[in-house]
Each structure stands twice: as C-alpha cells, then as structure tokens.
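A.B. asks: Below is a structure I'd like to ask you about.
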Amino acid sequence: MKKPFLTIVVPCYNEEEVLEETSLQLMGIVESLVVSESISSDSQIMFVDDGSKDRTWELIDSYSQSNKNISGVKLSRNYGHQGALLAGLTEAYKISDCVVSIDADLQDDVHAIIEFMEKYHEGFDVVYGVRDKRETDTFFKRNSALAFYNIMSKLGVNMVPNHADYRLLSKRALAEFLRYKEENMFIRGIVPLLGFKSTKVYYNRNERFAGESKYPLKKMILFAVDGITSFSIAPIRLLLVVGVVMFLVGIGLGIYAIVQKVVDQVVPGWTSLMISLWMIGGVQLIGIGVLGEYVGKIFKQVKARPRFTIEENVFASKFENNKTN
Ligand code: UDP
Ligand code: MG
C-alpha cells in the first residue's frame, strides 16, 4: 500500500524565537514516522507565515532550502490564526493524504502526532488532540476558555472541550471542510459538523517554548464573539425574548400609571422615569448591537472576498514537478 503523504500545517505569526526548535522537534517526529513506514518520505512540514513583521519568513525560507521535508507559504499580510490555518490547509489539500495542524509555539506535545497517525491507519478521518491538563496555562486563560466552552455548548454549538486547532484530518474530511465557504471561519466549530469517524488523543499542554502569546485579550474576545455569532442565532432569539418581556412590563406600567392618574395620586416620578429611560435605551442598544453583528457577517459574506492571499509559495514549487503524488 502507498504510504500516506502527511503535511503538518503550522501557522506562524512573529515566531522567530521558536521556529528553530519547532522545526527540529517536528522533523524528529517526521523522521520517526518515516522510519516506522507510517508516512511517505516526501511528507512535509508546512509553515504558514501570517504576515510576520520579524524574521519568520527568512527562517522558513532557509529551512525549506536546506531540508526536503520543510516548506512554507507566505501570506501577503496578517490574516489571523484561523486565516493562516485555512490557507495552509487549502494548499496542503492539493497533494496530501492527511494533514495535521499545530501551533508554532510547541504548547501542544508534538509526540501526539505519532498517535494521530496510528489512529489514521486505524481508519479515523478526524483525530482531535485534547489537552489533558491545562495547569501550564494562566489561571485567566484556563477559566476564560472554560467559560467559553460552557457558553458555546449552552448555545447549542457542538465543540470538543479542551481541543484547540491541534488535529488530524484525512483527505476526504479536509475536502468536505474546504466546502465550508464561510467568511468568519471558526474552524474548531466546523470540524465536528463534518461527521466521519472521529476520535480523541490526549496529551499534556506545555508552556509556550519562547516568545509571547499572539492572542492578547482583545483578540481572544473577538475570537469568542466570532465563534458565537458564526454558529448560533441564540443571541438574536434572546433579544426577542427580552423585547417581549420589556413590552409586557411596559403594558403593566402603563396600566399602573393610568390608574394612578385616575385616582389622582401623581407624584413627580423622576426616579422611575430615569430608570426606565436608561433601561430601555440600554436594551435597545444591545439589540441593535447584536443585530449589527449578524448584519456585518452577512455583509462580509456577500462580498465574498478571498479569505487569504498567498504571496510566496515554497510548498507548491517543491512539488510542481511531481504532482502525480
Ligand atoms: N498566529 C497566527 N496569526 C495571528 C496570531 C497567531 O498565525 O494573527 C499563530 C501563532 O504563531 C501560533 C498560533 O497561531 O502558532 C497560536 O497563537 P498563540 O500561541 O499566540 O496563542 P495562544 O496559544 O496563546 O492561544
Ligand atoms: Mg500558544
């Protein structure tokens, strides 16, 4: 049987500090998988440079010249983690039998890839890497992530808890995945929708090997909002419920006010007026905001702009001559 061509997709944004170690460790994995005849010896580690401002691309370029198993793709600007991943997966699909996506910072134990491949050979199309413990993450990160999974599952979005974007996809799962043309890609929400036979592999999460998190609080919140509003219309429904409740309360208050007027007990109602003014104003603004979030998504979708642009592609040029793979 032909050995599967594996591509490991690694999104990188300003990762010059970790890249050397990451490529060494991933090469170790690739070599041992080749030796154990689990993957084809052409298999690739594909670094996706997400518009880094440091030397990331120079490093990727030089590694890919000196190592036949390393290649890279340079995006024309910063598209964010999900955009970089999407670009990598789209490129990798063309020649790979299976792909693994992993962050550049070595927080996810690279050895799990060996188990991923075992599962692939057992016939699984989707293998999720799941963090066993998160004690190396900060208290804040752990709990904010937990709260996020809880909210998502309450909203009816099926996600694998403690699974980020560390996973294996077979070619046919990847093909299905690439048919999802949505603008705000929230990849870990889409993968469970693909179906196919899936399984989990547990591993310990380490601290970032070097450098700082490229996900500051602001990006994290935006990511969470995107995740929720891309997958659930529950916020819009909630809005309707709140609106109905407010309306009913309004009727009650109206009747109360009329009764008061009739029995002539009208007092200067400044307090109640101010409270209701602010409350209604607030609810309306929240409502408009939530609607705006969805309208904005439709707006983006309708424009159907390309979701990423590749500036340089070492990966493709490496395989131009033997695309028969
Ligand atoms: N990343 C990216 N583009 C960005 C931000 C991050 O490609 O705009 C990459 C980054 O290089 C890393 C991965 O996404 O490989 C996850 O980022 P990070 O480790 O900073 O996030 P955290 O683990 O702190 O959530
Ligand atoms: Mg990280």
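The values are calculated or read from the model by the stated rules, or taken from the named source; none is laboratory data. Predicted model only: the values in this text are computed from it and were never measured. Here the Cβ positions follow ideal geometry from the backbone for every residue, glycine too, while neighbour counts run over all protein chains shown.
A.B. asks: Please enumerate the residues belonging to region 190-231 that are more than 18 Å from the chain's Cα centre (by Cα), on the phi < 0 side of the Ramachandran plot and away from ligand 2 (no atom under 16 Å from the Cβ).
C.D. replies: LYS197, SER198, THR199, VAL201, TYR202
A.B. asks: Tell me, which residue of region 112-132 that is of a type in the set (Gly, Ala, Ser) and under 18 Å from ASN162 (Cβ atoms) is surrounded by the most Cβ atoms within 10 Å (Cβ to Cβ)?
C.D. replies: Per the stated criteria, the residue is GLY129.
A.B. asks: Also: Determine which single condition LEU6 fails, assuming it passes every other condition in (1) at pLDDT 95 or above; (2) within 16 Å of ligand 1 (Cβ to nearest atom).
C.D. replies: Going through the list (1) at pLDDT 95 or above; (2) within 16 Å of ligand 1 (Cβ to nearest atom), LEU6 breaks only (2).
A.B. asks: To continue, here is another question. Pull up region 57-81, narrow it to residues that are over 12 Å from VAL9 (Cβ atoms) and polar (S, T, N, Q), then point me to the one that is nearest to the chain's Cα centre (by Cα).
C.D. replies: By that ranking, first place goes to ASN78.
A.B. asks: Counting only residues that are small (Gly, Ala, Ser), give me the helices (runs of 4 or more DSSP H) lying completely in region 54-139 with at least 3 of them.
C.D. replies: Answer list for region 54-139: 56-66, 80-93.
A.B. asks: Can you find a residue in region 232-249 that is under 35 Å from the mean Cα position of the chain (by Cα), on the phi < 0 side of the Ramachandran plot and of a type in the set (Ser, Thr, Tyr)?
C.D. replies: Yes - at least one qualifying residue is present in region 232-249.
A.B. asks: Still on this model: Restricting the search to region 29-47, which residues are touching a residue at least 60 places away in the same chain (Cβ under 8 Å) and either on the phi > 0 side of the Ramachandran plot or in a helix (DSSP H, G or I) (or both)?
C.D. replies: ILE29, SER32, LEU33
A.B. asks: If you don't mind, there's one more thing I want to ask. Condition check: exposed (fewer than 15 other Cβ atoms within 10 Å of the Cβ), more than 16 Å from ligand 2 (Cβ to nearest atom) and aliphatic (A, V, I, L, M). Does ALA92 satisfy that?
C.D. replies: no
A.B. asks: Residues in region 165-174: is at least one at pLDDT below 80 and not basic (Lys, Arg)?
C.D. replies: Taking every residue of region 165-174 in turn, none turns out to be at pLDDT below 80 and not basic (Lys, Arg).
A.B. asks: Just to verify a result, which residue in region 195-210, among those that are assigned to a loop (DSSP other than H, G, I, E, B) and away from ligand 1 (no atom under 14 Å from the Cβ), is surrounded by the most Cβ atoms within 10 Å (Cβ to Cβ)?
C.D. replies: Across region 195-210, the extreme among qualifying residues is ASN204.
A.B. asks: Can you pull out the residues in region 60-82 that are of a type in the set (Phe, Trp, Tyr) and more than 20 Å from ASP226 (Cα to Cα)?
C.D. replies: TYR63
A.B. asks: Collect the residues in region 1-28 that are assigned to a helix (DSSP H, G or I) and farther than 30 Å from ARG77 by Cβ, keeping them in residue-number order.
C.D. replies: GLY28
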